[in-house]
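Report on the following structure.
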Amino acid sequence: MANLTSCILKIIILVLMNLLIFVLYNCNYNELHVTNRYVMKLKTTGKQLKPEDHNRIVEEYFSKRKEWKTSMLGSILFQNQTHFTPSSKSYLILIWKHWHWLKNRHVYYFGEKPHDPFKECNVNNCQFTGKDELLDTADAVVVHLQRGLLPNVTQRNPRQRWIFLNDEAPPHVYSVSESPSIPQLANVFNWSMTYRTDADVPVPYGRTVALTKPKYLDPSYTNIAKLVPNWKIKTRHNLITVLMSHCSVSHRMKYLNTLKKYIDVQVHGRCSENQEIVCPGHYTSNCEKIDQYLFYLVLENAMCRQYMTEKLFYNAYEKGAIPIIRGPPLQDCQALLPPNSFIHVDNFLTPSDLAVEIINISKDDKKLLSYHLWRNHFKVVNEHGYFGTKSVHLCRLCEAMNYNDEREKIYDEDDIRLFFDEDILCSTQRNSTKLDSQLVINK
């Protein structure tokens, strides 16, 4: 009996000691602010850089895009090509039916003050109008597809370019129940204007842009930390966040709730548990509460080719968080985003495995900062017009009129399907093989 009592006592003491070690470790772990003061103790990431090292890194990154299918404008935006000589012409561009609606985002940036669309633009020889009576004389007619309306004309001006504009993933193109079918869109448009790299007028929500020279020739972790926005206020108390205001997208809510079983994810916006509205997550309001988090969970409302929104470019990269991406397939993220800058859910069999990896990364400042090394050679630019950022839609339209091939072009039904067919472009099961077999992009 005495031996049994002694054995039980030893077990209790051992358990208490382990519990004390665990508590002390976690107190130290959670109170540790990831600041420059702490990073000063870290060793350099490698040898001193030379200017040619930066050039090599940039060239290697863009060399993977040499075979991409792009317009002339697309080659400038995505293949690091130099700008071409603008045309000597002037162009009248009609925004059909929805000019006043589009101006709110692309001229006013959802504010009260208008902005010059040609400021910092490479061209300025275009005039925009919302007067539909100029349909026959405009050089280009832009039709925003969200409202589902198409111009009804018996005879078109053969010199015009008709351009469809769409910023949404294929499942969410239209905001109305009655909308044109894919066959109805065929043989109507000459150009495309979407977030895709192969659009005639590419208007992605954000882009990866090379710096002319590295920020630091000494890429120490101390210096890399200085490049991360909000680094000094980030703590391990605040690991992962997501800003959500549309709570009816079932597939992303299901994934979020499953992940939360294994790791704490702080939800801000109308989808939070107390439905806080101080961070509504829409357009005009910058949510400063999410600045302090190390990771941002990017849950796009559709998992479609190249569909990456402000959730990624602004809520994650702009705020210095490492993106955890569930949306476009992995190969699109590798092709379009800064090198080694994100975590993709497709690399993990289960949300549990993902949670373990995030915890491991968060415990090691070197691992954390390794996801920000790209900031020494590249930058991410936000071009969507949300949260007071700059919109470049109108500038891109004018640049396309100046730079793109003037030869006649028409989108037939097969072409239209490659922009709007959900079965080709999107997957809720992450069937990347099926997507690649039906859509050849970036080959």
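The values are calculated or read from the model by the stated rules, or taken from the named source; none is laboratory data. On a predicted model such as this, the values are computed, not experimentally measured, just so you know. Don't worry about glycine lacking a Cβ; one is built from the backbone with ideal geometry, like all the others, and counts go over all protein chains shown.
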Matching option when the condition is more than 21 Å from the chain's Cα centre (by Cα) and part of a loop (DSSP other than H, G, I, E, B), among Lys254, Lys232, Lys215:
Lys215
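Only one of Thr222, Thr241, Thr235 is β-branched (Val, Ile, Thr), closer than 20 Å to Asn315 by Cβ and crowded, with 19+ Cβ neighbours inside 10 Å. Can you tell me which?
Just one listed residue meets the conditions, Thr241.
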Failed item in (1) within 30 Å of Thr389 (Cα to Cα); (2) in contact with a Phe, Trp or Tyr (Cβ under 9 Å, 6 or more places away or on another chain); (3) of a type outside the set (Gly, Ala, Ser), with Tyr174 passing the rest
(2)
In segment 282-322, which residue that is small (Gly, Ala, Ser) and surrounded by fewer than 24 Cβ atoms within 10 Å (Cβ to Cβ) is farthest from Leu256 (Cα to Cα)?
Ser285
Could you list all residues from segment 312-342 that are within 12 Å of the chain's Cα centre (by Cα), aliphatic (A, V, I, L, M) and assigned to a loop (DSSP other than H, G, I, E, B)?
Ala316, Leu337
Which pairs turn up if I take residues in segment 139-158 that are at pLDDT 85 or above and look for partners that are among the polar types (S, T, N, Q) with beta carbon separation below 7 Å, at least 6 apart in sequence or on another chain?
Asp139/Gln160; Ala140/Gln160; Val141/Gln160; Leu145/Asn166; Gln146/Ser175
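Out of Leu373, Leu368, report the one residue that is modelled with pLDDT of 95 or more, of a type in the set (A, V, I, L, M, F, W, C) and touching a strand residue (DSSP E or B) at 6+ places or on another chain (Cβ under 8 Å).
Leu368
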Working carefully through the options Val201, Val209, find the one that is touching a residue at least 60 places away in the same chain (Cβ under 8 Å) and part of a strand (DSSP E or B).
Val209
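Could you identify the single residue in Ala316, Ala302 that is of a type in the set (A, V, I, L, M, F, W, C) and either at pLDDT below 95 or touching a His at 6+ places or on another chain (Cβ under 9 Å) (or both)?
Going through Ala316, Ala302 in turn, just one is of a type in the set (A, V, I, L, M, F, W, C) and either at pLDDT below 95 or touching a His at 6+ places or on another chain (Cβ under 9 Å) (or both): Ala302.
Yes or no, residue by residue, for (1) part of a loop (DSSP other than H, G, I, E, B); (2) under 28 Å from the mean Cα position of the chain (by Cα); (3) at pLDDT below 95:
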{"residue": "Pro86", "(1), (2), (3)": "yes, no, yes"}
{"residue": "Leu92", "(1), (2), (3)": "no, no, no"}
{"residue": "Ile95", "(1), (2), (3)": "no, yes, no"}
{"residue": "Tyr109", "(1), (2), (3)": "yes, yes, yes"}
{"residue": "His115", "(1), (2), (3)": "yes, yes, yes"}
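I need the helices (runs of 4 or more DSSP H) fully contained in segment 359-422, keeping only those with at least 1 residues that are within 25 Å of the chain's Cα centre (by Cα) and exposed (fewer than 15 other Cβ atoms within 10 Å of the Cβ).
Numbers: elements: 365-370, 393-403, 413-420.
The helices (runs of 4 or more DSSP H) meeting that bar are 365-370.
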Apart from one, (1) modelled with pLDDT of 90 or more; (2) at negative phi; (3) under 28 Å from the mean Cα position of the chain (by Cα); (4) of a type outside the set (Ser, Thr, Tyr) all hold for Glu120; the odd one out is (2)
